[in-house]
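Written out below as structure tokens is the structure these notes cover.
The values are calculated or read from the model by the stated rules, or taken from the named source; none is laboratory data. Note that the structure is predicted; figures quoted are calculated from it, not measured. Note that we place each Cβ from the backbone using ideal geometry, even for glycine, and neighbour counts take in every protein chain shown. Just so you know, the surface numbers come from the protein's heavy atoms only, side chains and all, with ligands and any DNA or RNA stripped out. Shrake-Rupley method; radii C 1.70, N 1.55, O 1.52, S 1.80 Å.
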Amino acid sequence: MTDPKLEAGLGSPRLGEKRQLSERVAAYLREAIMVGELPTTGYVRTEHLAARLGVSATPVREALMILQSEGAVRWEPRRGFRMLPPTRQDVDDLFNVQAYVAGELAARAVSGLDASEVAALRATQDALVEAVLRGETERVGELNHQVHRTINRAAGSPRLSSLLNLFVHYVPRNYYDRVAGWADASKRDHEAVLAALEAGDPEAARAAMVEHIENIGRLLIAHLDRTGAFTRTDLSPTPT
């Protein structure tokens with residue numbers, strides 16, 4: 001039976017239907033490793049993982065090679081791929097760098113958004129708040145992505161935005177229902193960002209975005225602490 005999270009990722013237009021299957025499998029595995037959804041100790045047999053995900057072994061092997069280049073898994077001859085769990089420092093570093101870049105983009109977006117665009121952004125945020133109140137976490141994730149994408153594009157700095165994307169793809173966007181506090185953080189933290197954009201204050205926009213991204217990182221670290229993802233030390237070679 002196909003994993004529902006992978007099924008959502010494969011069918012979701014926001015992930016990009018033109019992406020190769022191996023890239024979509026890699027995106028799913030990257031998120032699942034980050035939030036502790038997959039075993040991060042021992043060795044992984046591609047055929048077992050393929051059966052779990054409902055795809056053939058080839059895109060799984062290709063996905064694991066992508067993740068090896070990123071340091072999320074390690075290939076060991078005659079044993080296979082070993083998942084490498086993120087450390088607390090890894091997650092902290094990821095969000096600190098992301099916060100710096102996102103903050104700079106938010107500051108630049110102040111001059112890139114006109115009044116009508118800021119009003120449209122406010123409407124998107126209002127819809128996000130309603131989705132939070134209704135408990136529609138998948139919708140919250142979509143609207144959160146829309147808010148950030150609009151701000152990043154308005155910065156007029158495509159190369160800096162591309163750099164941010166290198167970090168963002170480690171953020172498990174499909175797990176808003178798993179990480180406690182994420183939906184509420186998007187509801188609450190965005191208010192300061194929008195207020196700064198409406199006031200035309202780049203430094204306030206920068207500070208608010210930095211605090212938001214760092215807060216998201218703290219909540220993910222708390223989630224990984226609760227699930228024991230940072231304390232798994234069993235290095236048994238038993239394949240999963």
Taking all pairs of different Cα atoms in segment 14-152, averaging 1/r and flipping that mean, what Kirkwood radius in angstroms comes out?
-> 17.7
At 1.4 Å probe size, with every protein chain present, just tell me what the per residue accessible area of the chain comes to in Å².
-> 49
Cut-off under 5 Å, modelled amide H: who pairs with Tyr43 long-range = Thr238, Thr240
In nm, to one decimal, how far is the Val97 label point from the Ala123 one, both placed 7 Å along Cα→Cβ?
-> 3.7
How many percent of the alpha carbon pairs in segment 112-240 exceed a separation of 25 Å?
-> 31
What part of the accessible area of segment 104-228, given as a whole %, is carbon or sulfur when the probe is 1.4 angstrom?
-> 52
For the chain, longest principal axis from Cα atoms; helix 137-154 axis from its Cα atoms; angle between them, nearest 10 degrees, is 60
To the nearest µm²/s, what D does Stokes-Einstein give for segment 68-125 at 25 °C and 0.890 mPa s, using the Kirkwood radius over alpha carbon pairs as Rh?
-> 163
Direction-averaged shadow area of the convex hull around the Cα atoms of the chain, nm²?
-> 12.9
